[in-house]
Each structure stands twice: as structure tokens, then as C-alpha cells.
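A quick write-up on the structure given underneath.
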Amino acid sequence: MLSAPSVHANDSEAAFPESAGGGSAAVVAPKLVLPRTAYPATRSDAVVEQVFGQRVSDPFRWLEADPRSDRAVAGWVAEQNALSSNYLAKLPGREQFAGRIRALFDFERYGLPRKAGRSYFYSRNSGLQNQSALWVRKGVGGKQRLLIDPNGWSADGSLALAQWEPSPSGRYVAFAEQEAGSDWRTLRVVEVASGRVLDERLQWANDTEIAWVGEEGFLYSRFPTPKADEDPRAPRFNKAVWFHRVGTGQEQDELVYATPAHPEWSHKALVTSDGRWAVVVSEVSTDKRNAVQLIQLEGKRKGEWNVQPLVPDIADHWKLVAGMGDRLWFLTDRSAANYHLLSIDLARPKQGWTVVVPERGNTLEGARMIGDRFLLSYLRDGQTVAVMTDRKGKPGKAITLNGIGTASGFGGRPGDPETFYQFTSFNMPPAIYRMDLQTGAVTPFAVPKMAFDPADYLIEQMQYPSKDGTMVPLYVVRKKALAAAGKPVPTLLYGYGGFDIALTPGYSPVRMAWLEAGGAFALASVRGGGELGRGWYEAGRRDRKQNSFDDFIAAGEYLVKEGIAAKGGLAIQGASNGGLLVGAVVNQRPDLFAAANPDVGVMDMLRFDRFTSGRFWVDDYGRPDREEDWRTLRSYSPYHNIADGKPYPAILVTTADNDDRVVPAHSFKYVAALQSSDIGEKPHLLRVETRAGHGAGKPVEKVIGAGADVLAFLAYWTGLQATVAPN
């Protein structure tokens with residue numbers, strides 16, 4: 001184990017000279033700047049390749065090595081962490097932000113209940129527990145009992161309960177352990193009545209469903225066991241569906257479905273609520289396209305898994321909604337860009353598909369059969385609208401929600417008398433409600449007590465023109481008193497813009513600490529995301545990716561022009577694909593932003609497909625081995641397009657050592673390139689979280705620490721005073 005190198009007092013003081021410059025209109029205090037000589041020395045290699053007629057330099061490729069096993073990279077990371085830790089500790093307001101984020105986390109919160117038999121299962125966190133635990137109660141009003149508590153699994157809180165699924169009767173719960181934020185899962189089984197965790201451990205599950213086949217066992221997905229000399233960050237292939245019988249070891253699991261002729265395909269399985277059919281979906285990338293296979297479970301002999309194709313081609317998106325007997329219902333975008341609800345009678349397959357709910361103007365993003373009706377979730381202008389229909393698709397009443405926010409959940413099975421849903425917004429922590437499907441009555445199941453008054457905050461929906469005139473939706477959140485005063489304030493702009501994913505209103509204790517301190521928060525629904533349907537997504541991917549960047553830049557310009565963001569007081573933030581967004585727009589408009597936080601970002605667009613999950617992203621970004629795609633990727637890749645000679649904003653790059661989705665090498669190489677460039681004396685720092693991954697499963701203590709560091713950095717460089725006293 002490598003220890004962090006010692007930092008001499010004289011060196012650390014020299015690294016942070018105070019300067020009277022730094023100067024935007026919003027920032028008047030002397031600044032802690034960093035001349036290039038203050039950064040750790042980084043080896044630069046003469047790696048130059050000729051690609052499609054262009055010479056491409058990659059001097060920091062050696063930083064692609066795994067820091068968990070490479071001493072040189074581990075030493076470099078330790079030096080970078082020592083520098084950033086020292087710098088961040090000097091910032092005013094850091095401890096105030098940490099204290100307020102902690103207070104804003106300290107409320108009892110629940111996950112959506114799932115019913116199995118007479119039991120209700122749900123996650124619960126008392127407030128500052130590092131990980132949420134799994135609880136169970138008999139009946140909706142019964143006494144709750146702790147079933148699984150991951151907080152005792154590890155001393156540092158880095159072992160998490162990643163997912164769980166009760167068996168149909170509620171006799172068992174299959175659950176997944178997640179270590180240090182990794183995407184890998186180990187599946188276990190607990191006997192509910194006794195609370196005894198069974199001996200079996202199922203390894204190498206990754207992005208899996210847990211689909212019970214009666215009480216006997218469940219279907220799950222996993223990759224082959226890696227070879228001893230295999231690079232743990234290499235792309236994975238041959239993901240297959242397996243059946244595990246409760247009480248047996250993994251070596252006895254049965255292979256259900258695999259495609260060795262197509263090792264790049266990945267497979268997941270679901271089971272209809274009546275237990276009659278297993279539905280296997282096959283994907284080749286993160287693009288929403290899949291094939292569908294069926295396995296009839298009723299009357300199946302042990303060890304037999306007869307697979308029938310239902311949708312053989314990976315061309316459209318199919319999402320199982322429900323199954324009753326021989327009839328199945330799916331949501332699909334085949335012949336309907338905004339999705340429609342179809343059904344098929346497997347006893348009469350030649351009759352083909354029947355449209356139950358036709359395509360509407362808004363995207364139909366979800367559907368459930370609950371009781372004797374369907375509950376449909378539409379996405380309208382980035383908000384959820386829920387509508388009930390009967391089983392023939394005849395519309396019933398809409399479910400109205402108070403204010404701007406996001407509703408999710410609405411789980412259940414045919415015959416259920418109820419459903420549960422969650423509602424959250426920028427100023428509203430998640431609350432759980434129970435809906436009686438017969439009367440329509442809604443009653444609270446778990447409503448949190450808040451450490452602030454939501455009525456003090458204003459949420460506005462706006463639109464602004466992008467570079468090509470396209471109108472882009474924008475949420476703006478700030479204190480009502482600040483909005484009424486019309487005074488520009490330091491503003492944090494967030495974006496994502498990729499993979500057909502819609503960013504909707506939601507609560508964050510870290511974000512609320514920024515708002516309490518008097519800042520504004522803005523969320524731009526840039527193209528490439530799923531906020532406005534398939535066309536919005538298509539307009540921001542592959543050779544149209546520049547639209548995402550133009551939209552985000554235009555959002556920043558709009559916030560300043562409209563007097564919302566203080567001039568010189570605009571910070572930007574994004575994670576994963578959003579980290580790419582931040583890196584790209586900083587290169588293109590470094591003058592527009594005072595500070596930036598690209599988090600776990602995809603920064604080297606010419607080699608992203610060579611690591612872990614990167615091969616799945618080619619439908620969104622394009623293929624680096626294809627010339628037309630390569631030229632597009634080369635034009636905006638953050639690592640390759642740093643504008644040497646221009647002053648850059650203050651940048652805090654954040655990643656984690658165990659991120660096996662977007663490997664931290666992306667951030668390492670990007671930071672090395674920033675620090676070696678002539679881009680001014682504002683700091684360009686790297687913060688690497690230890691024993692953490694892409695985000696999921698991070699202990700609350702680590703979230704608080706990272707949140708305080710990032711907010712203190714952004715506040716310092718935008719001029720926000722960290723007086724985070726509650727309202």
C-alpha cells in the first residue's frame with residue numbers, strides 16, 4: 001500500500017500565494033492562485049500516433065494504468081490528492097458547508113415499498129447512516145422490522161445494499177452487495193422470517209435484474225469469471241442469463257440464455273407477475289434498442305429452458321409492462337417515436353400486435369398494470385404526468401401533483417388494490433404516498449421533516465434560444481427574496497445531455513446548501529437528453545453532439561444576460577456524460593465561466609471504448625475506429641482540445657479510484673493536460689475519492705465531504721459567501 005508523499009510546509013505555502021488579481025465583478029477578495037510550478041511534476045512521454053492522416057499526441061497515456069496496481073500512477077494520484085486537499089482546506093466556508101450539508105442530510109427517508117405476499121419491503125435511512133437498510137412490515141400499517149443492515153458490513157461504510165427483490169410470497173429476498181462503488185455485484189439470499197442470510201454467493205453480476213421463478217430460485221445476469229491475468233478494466237463480453245436455485249452454490253446454476261456467436265450482446269431477464277413467462281431482453285449498447293425472447297415457465301421441466309424469439313432484431317426499444325396468461329403488454333417506440341402501448345396474444349401470435357394506447361404528443365416513459373387498470377407515466381416538459389386507463393386503454397383521470405417536481409414508482413401487480421409513488425422537487429425531499437386504486441384517495445406513507453421551508457424558494461421554468469435558434473428548457477431555483485430583488489447572484493449551472501436520459505426536478509442536500517447560502521441553481525435540458533422525446537435525443541448525439549455544447553453555452557449566456565447569474569459568478573457542473581459536457585464547453589468558452597466541476601467525466605473521446613463499459617457508448621458517441629466518427633470526436637474531446645494560451649476558469653476535477661464505469665484515467669489525463677498548459681493561474685485540481693466508484697453506493701460521510709469541498713471551491717471562485725445559516 002502506497003502512502004501519500006509528505007508535503008513540506010514551505011512548499012505548501014508557496015503553492016498558494018495571495019494575489020490581488022483574479023478579478024471578476026463578483027469576486028473582490030484576493031485569490032488563492034496556483035502557478036504552474038506549484039503542481040506535482042508529471043511525466044510526459046513522446047507518444048504520437050498517425051490516425052486518419054492526423055498526428056495525435058498522447059503524452060499522458062501512462063496514466064491509463066490502474067492506480068490500484070501501478071505504483072507510478074498511485075504515487076501521482078497521492079501527490080495530486082495532497083495538493084487538492086491542502087488547497088481545499090484553506091478555502092473559507094468549507095466547514096460551514098460541511099455542517100449545513102450534514103444537517104440537510106439528517107432526516108428520516110424511505111424508499112418505495114414493494115409488496116410480496118402480506119409483507120411490505122422498503123429501504124430506510126434514519127438520517128446520517130452511511131447506507132440505507134432494508135426493512136419489512138406485515139400489512140401496510142404493521143410494525144416494521146430491520147431485515148438487512150449494510151452499515152455493519154464494513155468499517156468505512158463502503159459496502160452497500162445495491163438492489164433487492166422479494167420472492168412472490170415474501171419468503172425470501174435476493175439482494176446485491178456492492179463494494180466500494182463498483183458496478184460489480186455479489187448476489188445473496190436472506191430468509192425473511194428468520195433474518196438468516198444463506199451461504200450462497202453469486203459473483204460477477206453486473207447491470208442485472210433479479211427475476212424470481214416462484215419460490216424455487218431466480219434468474220440473473222453475469223459475465224464469465226475473469227481469468228487470473230485479465231485486466232480488470234478490460235471490456236467485458238458474453239454476458240448471459242443464469243438460473244440460481246435457492247440453497248445451492250453458484251457452480252450448480254443453470255445457463256438459461258447466451259449468444260456465443262454474438263459476444264457483444266448482453267442479456268437480462270424478467271418474469272411476468274403471474275409467473276407464466278420469462279422475458280429475456282438483449283442489448284448491444286446503451287442505445288435504447290433490444291431484442292426480446294420468451295421462455296414459457298408453466299409446465300417447464302427442471303433444467304429445460306426453451307427460448308422462443310418474439311422480437312428477433314435489435315432495432316427498436318421494447319419494455320415489458322405486464323403479462324396475464326398468454327397476453328403480454330409492452331411499451332415500444334416501433335412506429336411511435338414517443339412510444340405506445342401494445343399487446344400480443346401468444347395463443348394467437350399470427351394476429352400480431354394490437355395498439356392499446358396510441359402515441360401521444362408527450363413521451364410515454366413508463367406503464368404498469370395495477371389492479372384492473374394501467375397507470376401510465378408521461379414526460380411533459382421535463383415533468384412527470386401520470387394517467388390511469390382501463391385495460392383497453394380508455395383514459396381515466398390524471399393524477400395531479402402539487403407544484404413542479406418528479407413523480408416515480410407507481411409499482412404493483414394485477415389485482416393489487418393500491419400503488420405507491422414518490423414525489424420530489426428541487427425544494428422537496430422525496431416523500432412516499434399510497435394511492436387507493438378504487439377510491440383514488442392518496443395518503444402519506446412516509447413524508448420527511450425538512451430542515452428548511454420549501455416555500456422560501458422559487459422554481460421557475462424558462463426557455464432560451466440556443467446558437468441555432470432552438471428553444472431549450474431551463475429550470476432556475478433561488479430564494480424568492482433574491483428573485484424579487486432582481487439582484488444577480490453566483491449561479492451553479494448543471495447539465496447532462498446524453499443517452500436519451502431526462503434530468504427532472506429532484507432534491508439534493510448539497511444543492512440545497514448552495515441555495516441556502518444565497519446562490520441560484522439552474523438545470524439546462526440540453527439536446528442529447530430525453531427531456532423532449534426521441535427527436536431531442538437524436539439532435540444531440542454522434543455528429544450532432546456539438547448541439548449539446550452549444551445549448552449549454554447558450555444557457556450560461558442567457559443566465560448572465562437576464563441578470564440571474566452575476567457576471568463573473570457562473571459555475572458549471574456535470575457528472576459522467578455531464579463531465580464531458582463541462583470539459584468540452586470550458587475548452588470552447590473559457591471566458592464565460594468562473595469555475596467548473598467535471599465529475600467522473602468521459603474526457604478522452606479517442607480511447608473511451610477500450611475500457612470497461614466504454615464499448616456500450618459507441619451508439620451515442622460514435623466509433624473511434626471509424627474515420628467520420630473519429631473526426632467528430634477529435635473536434636471536441638476535452639483532453640485533446642485545451643486552448644493553450646487562454647485564461648481558464650478555476651477547475652476542480654473529481655473522480656474515484658474504483659470507478660469501473662468511467663475509469664478515472666479519463667480525469668487523470670485531462671488534469672495532467674490542464675496543469676501542463678499555459679491557461680492562467682486559477683487552480684486546476686484533481687480530487688480522487690478512495691474506495692468509491694461512479695456514484696452509486698457512496699457512503700453519506702463521503703458525500704458530505706465531497707459536497708463541502710466542491711461547494712467551497714465553486715463558491716470561492718464565484719463570490720458566494722458561505723454563510724449557510726438556515727432560513
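Each reported figure results from applying straightforward, stated rules to the coordinates on display, with no laboratory input. As the structure is a computational prediction, the values presented were derived from the model and not from experiment. Cβ: placed from backbone, ideal geometry, glycine included. Neighbour counts: every protein chain shown.
Here are a few things to note about the model shown:
- Computed FRET value (nearest 0.05) for S44 with E460, which takes r as the C-beta separation and R₀ as 45 Å: 0.45
- Label-to-label distance, nm, for residues given as S194 and E304 (7 Å Cα→Cβ offset): 3.4 nm
- Among V526, V307, a tally of other beta-carbon atoms within 10 Å of each Cβ gives an order, fewest to most, of V307, V526.
- Difference of contour (0.36 nm per residue) and Cα-Cα distance, E251 to K449: 66.5 nm
- Centre separation in Å (Cα based) which lies between region 338-353 and region 582-647: 42 Å
- Span from the region 255-300 Cα centroid across to the region 166-192 one, whole angstrom: 20 Å
- Between the helical axis of 577-588 and the longest alpha-carbon principal axis of the chain there is an angle of about 30 degrees.
- For region 156-186, the residues whose backbone nitrogen is under 15 Å from a point 7 Å from the Cα of Q203, taken along Cα to Cβ, are 177-179, 184-186.
- Using 0.36 nm per residue and subtracting the Cα-Cα separation, the extra length available between Q588 and E562 on full extension is 7.2 nm.
- Which label in (i) 108, 90, 60; (ii) 134, 93, 58; (iii) 77, 59, 52 gives the computed Cα extents along the principal axes in Å: (iii)
- Simple label model, 7 Å out from Cα along Cβ direction - E359 to D316, nm: 0.9 nm
- Of the trypsin sites (Lys or Arg not before Pro) in region 577-629, those whose Cβ has at most 15 other Cβ within 10 Å and which sit in DSSP loop: R626
- Percent of C-alpha pairs per 5 Å bin in region 570-633, short distances first: 4, 18, 25, 21, 16, 10, 6, 0.
- Among the listed pairs K138/K302; K288/K545; K115/K319, those with a Cα-Cα distance over 27 Å are K138/K302.
- Computed helical MRE - 222 nm, the chain, DSSP H runs ≥ 4 contributing -39500 (n - 2.57), nearest 500: -5500 deg cm²/dmol
- Beta bridges assigned by DSSP with both partners in the chain are antiparallel in approximately 85 percent of cases.
- Inter-probe distance in nm under a simple model that places probes 7 Å from Cα toward Cβ, at D156 and Q351: 5.9 nm
- If only the Cβ of Lys and Arg carry +1 and only the Cβ of Asp and Glu carry -1, the dipole of region 316-448 around its Cα centre is close to 260 debye.
- Potential extension, L146-A398 segment - 0.36 nm per residue separation minus Cα distance: 87.1 nm
- Structure note, pairs K268/K702; K487/K567; K480/K567: Cα-Cα distances above 22 angstrom occur for K268/K702.
- Selection of chymotrypsin sites (Phe, Trp or Tyr not before Pro), region 485-559, meeting DSSP coil and at most 15 other Cβ within 10 Å: none
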